[in-house]
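Worksheet: one structure, shown below.
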Amino acid sequence: MPRDILDISSNKSNPYQRDLFSQLKSYLRELYRYRWLTITVAYSELQNSVIRYPMRYLWWFLEPLLLLLCYVFLIKVLGRGGPRNGVPFPLFIFVGILPWFWTIKCISGASTLVSKYSGPISQIRFPILTLIFALFIYQTLLFLASLVVLVSVLLAFSYWPNVNWLYWPLIFFVHSLLILTILPPVTAFSVFVPDISKFLPFILRLWFYGSPILWDMDMAKSHLSPALKTLFICNPISFIFTSYRDILLYNKSPDIHSLLCWLLVLIFLAALSMIFFINKEKSFARFL
Amino acid sequence: MSSTLPTNKAIPGDDPIVVNQLGIRFRDYGAGKRPSLLRKFISTIRGRTDLFWALKDVNFVLKKGDVLCIIGRNGAGKTTLLKVLAQIIFPDCGMISINGDVSAFLSMGLGFQGELSGYDNINLSLSFMGFHRDQIEEVVPDIEEFSRLGKYLYAPVKVYSAGMKARLAFSIATSVNPDILIMDEVINAGDEEFRQRCATRISEFMDTARAIVIATHNMQQALNLASKIMWIEKGKIQFLGDPAEGVKLYEDFISKIRNDPFYDIKLKGTQ
């Protein structure tokens, strides 16, 4: 039986269907079909990250611990930074720096993702969004491993689990959505505008200083002009990191109303970002 | 330059591959034309474009059981055509109808990961081809048997020789039973014994596959395998038909171009 032009077989989507809805539907079907690819790539990334080192998976826990020790050294030895709202400064930073490293590792990984997998992309057709999901899963597993260190440190400082810790999955979900919103355009732009890889470190550094990692929102509110204050509040990382600190350090529940608002906004933005990527990924092979 | 979008108009028939008025444009990197904002700006002001047609007005139909060998010089457009057939690159104009599952084998391995073992790379490569865990488990014994890499499949691929990588890559690509098989030069890899086994496997595919498309520079191989020859030069089909006639025309062209470097300017082309 003849099939439509430019397809292809019954189990693959037609890349030339113009109707956006049916294009998305068939793309989602293909994403499901390639679910094993997502798992395999994430697993191979995890293996690749430790296979060369004799200490292997121990590095998942050593890296965050060494990071903490660096900040302890910075604060204790150089004598900068007193307690923040009664919280020891290294701990205050540690709660913020771990999610931050998760975020930037995902974004940096996205900027090199297509060149890293240029072999398969230029030789075979598959939904490239699977690679973004694989990158996200791989970095998220590393982040979750680092939480073991974080919880151990919290317990060592006598910060015991409380009912507010139950909000953590919700904050984590909103944070994941933010990352999944950023990754597709960064990946796509890294193909079409390679200069993005030069800009990215500066943009991330600016974002680092503009986010409550080394400082908190109370400081921003007291020191900044109203315009800058609005800018800082519009930074979704500010809200997410403040929420992490509220539940883990201050035994406070996060601002649920704002959290849900961000959740809805980010669901919408993540969907838009992925639709943009699906539209663009067809031309990646031409640029490789 | 405006591009013509492909249409969704159906081409009747049940032929494995139907290509109609296919055209592909690429950015011209010739004469040091690396992409830059300044170059783009100047081109826009002058109303010019850095694009050129890598393939234009390509028309052909492959019937069930056809083995098409594509010949032509480097840069003629062979690999581009294979990539379009494998749906990796999408055309700027024209229509393609492909009926059946396609397996493409365009270079040595789907980007093997050097640190990972042969088995891990089998898993990864087959996952890129859309296989699920159960399906991978089914074909792994065949890959083990055909590649004959034995215990080396447990070793990281970075320690493999080029021939071993070729064995693994070919074994993975041909472990599936695609309706349409697309290959680029790759059966010239490996030692003599492996090349013979590759040729045998290709022959087996000829019995089962709906169509095979191979790009090659080996004229003897083309004559042995092909039911049709396509000679591409400058992005256009110069000849399509009987293998013996096609090879003779191409070899005549090569000998003429050796004597007269400007001979190819007289050929019909797109560039």
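The values are calculated or read from the model by the stated rules, or taken from the named source; none is laboratory data. What you are looking at is a predicted structure, and each value in this text was computed from that prediction instead of being measured. Neighbour counts are summed over all protein chains in view; Cβ atoms, including those assigned to glycine, are modelled from backbone coordinates with ideal geometry.
Those residues that are without any contact (Cβ under 8 Å) to a residue 60 or more places away in the chain and within 14 Å of another protein chain (Cβ to nearest Cβ), I need them from region A:121-150; list them, please. Lay out the reasoning, then the answer.
Initial filter on region A:121-150 (without any contact (Cβ under 8 Å) to a residue 60 or more places away in the chain): A:123-124, A:136, A:139-140, A:143-144, A:147.
Selection gives A:Gln123, A:Ile124.
Inclusion of A:Ile213 among residues that are β-branched (Val, Ile, Thr) and at pLDDT 90 or above is not warranted.
Give the number of residues within region A:140-152 that are among the polar types (S, T, N, Q) and surrounded by fewer than 16 Cβ atoms within 10 Å (Cβ to Cβ).
At the first step, the residues of region A:140-152 found to be among the polar types (S, T, N, Q) are A:140, A:146, A:152.
Next, from what is left, pick out any that are surrounded by fewer than 16 Cβ atoms within 10 Å (Cβ to Cβ): A:152.
Number satisfying all stated conditions: 1.
Inside region B:49-104, residues that are of a type outside the set (S, T, N, Q), in a strand (DSSP E or B) and facing another protein chain (nearest Cβ under 7 Å) make up a count of 4.
Checking each residue in region B:4-33 for being modelled with pLDDT under 70, under 21 Å from B:Thr79 (Cβ atoms) and away from chain A (no Cβ under 11 Å) picks out B:Tyr29, B:Gly30, B:Lys33. Residue check: A:Ala134 meets all listed conditions (1) assigned to a helix (DSSP H, G or I); (2) at pLDDT below 95 but one, namely (2). With respect to the conditions (1) part of a loop (DSSP other than H, G, I, E, B); (2) crowded, with 20+ Cβ neighbours inside 10 Å; (3) in contact with a Leu (Cβ under 9 Å, 6 or more places away or on another chain), A:Met55 lacks only one, and its number is (2).
The residue that is nearest to B:Phe194 (Cα to Cα), among those in region B:131-143 that are away from chain A (no Cβ under 13 Å) and in contact (Cβ under 8 Å) with a residue 12 or more places away in the chain, is B:Ile143. Can you find even one residue in region A:11-33 that is at pLDDT 90 or above, touching a helix residue (DSSP H, G or I) at 6+ places or on another chain (Cβ under 6 Å) and under 22 Å from B:Asn123 (Cβ atoms)? No. Just to verify a result, which residue in region A:180-220, among those that are among the aromatic types (Phe, Trp, Tyr) and touching a residue at least 24 places away in the same chain (Cβ under 8 Å), is farthest from A:Phe287 (Cα to Cα)? Step by step, filter region A:180-220, then rank; the result is A:Phe208. Would you confirm whether any residue within region A:37-47 is in a loop (DSSP other than H, G, I, E, B) and either within 12 Å of chain B (Cβ to nearest Cβ) or surrounded by fewer than 15 Cβ atoms within 10 Å (Cβ to Cβ) (or both)? Scanning region A:37-47 turns up no residue that is in a loop (DSSP other than H, G, I, E, B) and either within 12 Å of chain B (Cβ to nearest Cβ) or surrounded by fewer than 15 Cβ atoms within 10 Å (Cβ to Cβ) (or both). The residues of region B:107-130 that are at pLDDT 80 or above and facing chain A (nearest Cβ under 7 Å), listed by number, are B:Gln113, B:Glu115, B:Leu116, B:Asp120, B:Asn123, B:Leu124, B:Ser127, B:Phe128, B:Met129, B:Gly130. Annotation note: of A:Ala271, A:Ala285, the sole residue that is of a type in the set (Gly, Ala, Ser), in contact (Cβ under 8 Å) with a residue 40 or more places away in the chain and within 30 Å of A:Val114 (Cα to Cα) is A:Ala285. Scanning region B:149-165 for residues that are surrounded by 14 or more Cβ atoms within 10 Å (Cβ to Cβ) and either within 14 Å of another protein chain (Cβ to nearest Cβ) or in contact with an Asp or Glu (Cβ under 9 Å, 6 or more places away or on another chain) (or both), which turns out nearest to B:Arg201 (Cα to Cα)? Looking at the filtered set, the residue picked out is B:Lys165. Residues in region A:105-117 that are in contact (Cβ under 8 Å) with a residue 40 or more places away in the chain and more than 14 Å from chain B (Cβ to nearest Cβ): A:Cys106, A:Ile107, A:Ser108, A:Ala110, A:Ser111.
The sole residue among B:Val157, B:Val102, B:Val140 that is under 26 Å from B:Ile232 (Cα atoms) and either aliphatic (A, V, I, L, M) or modelled with pLDDT of 90 or more (or both) is B:Val102.
If I filter region B:210-264 down to residues being of a type in the set (Gly, Ala, Ser) and assigned to a strand (DSSP E or B), which single residue comes out as nearest to B:Pro178 (Cα to Cα)? Let's see the steps before the verdict.
In the first step, residues of region B:210-264 are kept if they are of a type in the set (Gly, Ala, Ser); the result is B:211, B:215, B:222, B:226-227, B:235, B:241, B:244, B:246, B:255.
Narrowing the set further to residues that are assigned to a strand (DSSP E or B) leaves B:211, B:215, B:241.
Values: B:Ala211: 9, B:Ala215: 17, B:Gly241: 24 Å.
Among those that are of a type in the set (Gly, Ala, Ser) and assigned to a strand (DSSP E or B), it is B:Ala211.
Among the residues making up region B:140-160, a single one is within 28 Å of the chain's Cα centre (by Cα) and at positive phi: B:Arg148.
Rundown of residues vs (1) away from every other protein chain (no Cβ under 14 Å); (2) part of a helix (DSSP H, G or I); (3) modelled with pLDDT of 95 or more, yes/no style:
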{"site": "A:Glu63", "(1), (2), (3)": "yes, yes, no"}
{"site": "A:Leu68", "(1), (2), (3)": "yes, yes, no"}
{"site": "A:Val72", "(1), (2), (3)": "yes, yes, no"}
{"site": "A:Gly82", "(1), (2), (3)": "yes, no, no"}
{"site": "A:Pro90", "(1), (2), (3)": "yes, yes, no"}
{"site": "A:Thr103", "(1), (2), (3)": "yes, yes, yes"}
{"site": "A:Gly119", "(1), (2), (3)": "no, yes, no"}
{"site": "A:Ser152", "(1), (2), (3)": "yes, yes, no"}
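Every condition in (1) assigned to a helix (DSSP H, G or I); (2) more than 24 Å from A:Phe268 (Cβ to Cβ) is met by A:Leu183 except one, and the failing one is (2).
Looking only at residues in region A:153-173 that are within 18 Å of A:Leu142 (Cα to Cα) and in contact with a helix residue (DSSP H, G or I) (Cβ under 9 Å, 6 or more places away or on another chain), the one that is surrounded by the most Cβ atoms within 10 Å (Cβ to Cβ) is A:Ile171.
When you check A:Pro120 against the structure, is it buried (at least 21 other Cβ atoms within 10 Å of the Cβ) and over 15 Å from A:Phe172 (Cα atoms), yes or no? For A:Pro120, the condition - buried (at least 21 other Cβ atoms within 10 Å of the Cβ) and over 15 Å from A:Phe172 (Cα atoms) - is met. Among the candidates B:Phe205, B:Phe239, the residue that is out of contact with any Ser or Thr (no Cβ under 6 Å at 6 or more places or on another chain), free of Cβ contacts under 8 Å to residues at least 40 places away in the same chain and more than 30 Å from B:Ser117 (Cα to Cα) is uniquely B:Phe239.
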